[in-house]
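The values are calculated or read from the model by the stated rules, or taken from the named source; none is laboratory data. Keep in mind the model is a prediction, meaning the values are calculated, not measured. Positions of Cβ are backbone-derived with ideal geometry, glycine not excepted, and every protein chain shown enters the neighbour counts.
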Amino acid sequence: MDNILLIISVAFIVAAIAIIVVLNVMQSSKNKKYKKIIDKLDYQKNELDTSPVGPELVKLKSYVNNEKLDLLYQNWKERLNDIKNIKIPKITDMLIEAEYSLSQMDYKSTMYKIAKLEMELYKVRTSSEFLLDEIKEITNSEERNRGSITKLKAKYRKLIEKFEETKPEFGEFASVVALQFENIAKRFEDFEILMEKNEYTEVPTILKATAEMLKHMEVVIEELPSIVLIAQGILPKKIKEVNQIYQKMTDEGYALGYLNVEYNIEEAKNKIGDILDRAKVLNLEDSLFDLKVLTEYFENLFTDFEKEKVIKADYETANVTLKTKLNKTNKLVTDMFNQMDDLKKLYSLSEEDLKKLYEVKSDLDNLTKDYNILNSHTSNNNFAFSKLTEEVENLVIRFTEIENKLDECLNVIGNMHEDEMRAREQLDEVKTLLKNAQSQLRTFNLPVIPNNYYVELKEAKEAMSEIVKELEKKPITIETLNTRVDTARDLALKLFGKTKEMIKTAMFAEMAIVYGNRYRSSEKDLDRNLSYSEVLFNKGEYQKSLELTINSLNKIEPGIYDKLLQFYGGKNEEQKNG
């Protein structure tokens, strides 16, 4: 039991010692951390105490030779004394307090005092840097100002050299430009006087004013010659040309009021006058831009004049073309309506077709009235040709629509007439087909003609008669007539084809029998089949006769069908050529 208590006691003591050691280590680390921060702040305070503000102020004292600079010097000296004698000692006291709090291990108070120290150091450092910049503005001004004035003089020489080279281009304004260069040269003299008197506070104003004057002169040297050229040369010439063309075209009957030429010429002259007046004091703001706008306007006027001339030619061409078409169409429609009774008697026109014809006539009459009004406007010279062209184009569009409707009506009547003519032509063709078919039958002199052939012949002739009946009717119903024609033509073609096929089959069957006769004495089966083929041939069954003969011969002489075709086909060709 005593041993256990001893072990526990030893463990407790060891733990306590460990905790104490750890706490001491942490405390030592924290002390070092805050000590390091305070040392850094002390270093920054020492930097402020040794800043170059004092030497710069001593350097400035040698420049003081006027009241204004002396006032500045005294103000800066007071501000430096405030920093040296009040603010820096205050920081020293704050550092001592922070170190004391740290030595007492009052970390919360130490952190608070460090924060205040950092803020105070920042304020004093900023004031010191700002004071140094103000003092250097004077102490470094001579070198800086000399550098600036040297650049300005180089720009001045370059500008005046360019001015002298192009002086004739400035015209009457050359003297004004030269005077401005003299004013700039005087500024350089003022600069030297100020530098001699050490009035450095006035120098920036002189430098700024001189830079602005030179910048303005860059614009003057660049733009004024162009302004003089355009305002006194190019534009007056263009205005004169525009006015001459305008007067001439107006005398020739062009309505150009919509262009407002006379008003715009006066406004342009006033604008040019204003630009030249401002140029006398070298006020060139927007002058070149305004002159370019005016130049572009008058250039566009030339284009407008040419466009009006082209439009007039186009208008006159379109007007003449429309007039010719109108007269021709009016005559056509008038003639058509004069023959309307005959057309109604001749053809069966629908109510819709008649309605379209009357609509065409009404639209054509209205268009003719509008065209006459357009011509009256043309002769009065009240409207520009661009406007008249637009109107005539609208009339042309309307006429095209009327023309399309009229074409539809004419196509209906024309198609009816064409269908009638076609029917008469095809009636003749049907007659010729039937005649040729019968002629071929008589020429070959077949032993028998099948009964169904005569039935088809009768149907074809009856269909032909129906065509004749439809053509004799007044008015003619075209739809019915076309049906009759198609029926008769189909029947006639069918009969003609059947005639040719029947004759061809009969001829070939007969030739095949004649060819087979050479084998009759030696082939009994063939002799028997040929005899039966002759019976079929004489009964008018030519196809059966041909098939029986060919099949029989093929057993004796394979390929006989093609051989006979070749032989008799070639023979027939020779007969035809002969």
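Overview of results
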| read-out | value |
| --- | --- |
| Positions within segment 488-506 being in contact (Cβ under 8 Å) with a residue 60 or more places away in the chain, over 15 Å from V455 (Cα atoms) and of a type outside the set (G, A, S), in sequence order | R489, K500, I503 |
| Qualifying residue in segment 48-71 (condition: of a type in the set (A, V, I, L, M), farther than 30 Å from E120 by Cβ, in the same structural domain as D93 (by TED's automatic domain parsing) and at pLDDT 65 or above) | yes |
| 3 or more residues within 30 Å of D49 (Cβ to Cβ), of a type in the set (S, T, Y) and at pLDDT below 85: qualifying helices (runs of 4 or more DSSP H) within segment 127-229 | none |
| Residue count for segment 206-240, restricted to those that are under 17 Å from L301 (Cβ atoms) and either among the aliphatic types (A, V, I, L, M) or without any contact (Cβ under 8 Å) to a residue 40 or more places away in the chain (or both) | 7 |
| Residue within segment 477-495 that is modelled with pLDDT under 80 and under 20 Å from N445 (Cβ atoms) present | yes |
| Those residues of segment 542-568 which are surrounded by fewer than 17 Cβ atoms within 10 Å (Cβ to Cβ) and either polar (S, T, N, Q) or not in a helix (DSSP H, G or I) (or both), in sequence order | Q543, N551, N554, E557, P558, G559, Q566 |
| Filter result for L235 (in a helix (DSSP H, G or I), within 23 Å of R146 (Cβ to Cβ) and not charged (D, E, K, R)) | no |
| Boolean, T110 is part of a helix (DSSP H, G or I), hydroxyl-bearing (S, T, Y) and either under 25 Å from K30 (Cβ atoms) or in contact with a helix residue (DSSP H, G or I) (Cβ under 7 Å, 6 or more places away or on another chain) (or both) | yes |
| Residue in segment 379-389 that is modelled with pLDDT of 80 or more, crowded, with 17+ Cβ neighbours inside 10 Å and under 30 Å from E266 (Cβ atoms) present | no |
| Pair list, Cβ < 8 Å and 6+ apart or interchain, from segment 158-181 residues that are under 16 Å from K280 (Cα atoms) to residues that are part of a helix (DSSP H, G or I) and among the polar types (S, T, N, Q) | G171/Q232 |
| Verdict on D525 being free of Cβ contacts under 8 Å to residues at least 12 places away in the same chain and in contact with a helix residue (DSSP H, G or I) (Cβ under 9 Å, 6 or more places away or on another chain) | no |
| Residue identified as under 19 Å from Y156 (Cβ atoms), surrounded by fewer than 16 Cβ atoms within 10 Å (Cβ to Cβ) and among the hydroxyl-bearing types (S, T, Y) among T210, T205 | T205 |
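Quick grid of which residues meet (1) exposed (fewer than 12 other Cβ atoms within 10 Å of the Cβ); (2) out of contact with any Pro (no Cβ under 9 Å at 6 or more places or on another chain); (3) not in a helix (DSSP H, G or I):
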position: V242; (1), (2), (3): no, yes, no
position: G253; (1), (2), (3): no, yes, yes
position: N270; (1), (2), (3): yes, yes, no
position: D277; (1), (2), (3): yes, yes, no
position: E285; (1), (2), (3): yes, yes, yes
position: F289; (1), (2), (3): yes, yes, no
